[in-house]
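Presented below is the structure to which this report refers.
What follows draws every value from the coordinates through simple rules; no lab data is involved. Source: prediction; values computed, not measured. Please note: Cβ atoms are built from the backbone with ideal geometry, for glycine as well, and neighbour counts cover all protein chains shown.
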Amino acid sequence: MERILTIDSQKEFELPQEIKENLHLKPNDNLLVSSGGDFIIIRKIRKPSLDERFRSLSEKVRRKFKNEGITPKDVDKAIKWARRR
């Protein structure tokens, strides 16, 4: 979808409603703006869900534990130690 926009006297422009709807923009969404030469690119940044963030973090921890040789038994031992404090 392409639209011609006009820059106002304050050097600002507004995205057309049709583009906002097409991107499903909501308040507090983030956009990434890139420029070069005589062009700009505006992309919506997709925020991962809480579940996706948790899975990603869990996978990073799992890999780190595996690389460090930490076993489930080591984790249980550390939890018991921490709960005694």
Only one of these is part of a strand (DSSP E or B) and surrounded by 10 or more Cβ atoms within 10 Å (Cβ to Cβ): Ile42, Ile19. Name it. Ile42
Residue in segment 23-32 that is surrounded by 10 or more Cβ atoms within 10 Å (Cβ to Cβ), under 30 Å from Val75 (Cβ atoms), among the aliphatic types (A, V, I, L, M) and within 24 Å of the chain's Cα centre (by Cα) present: no
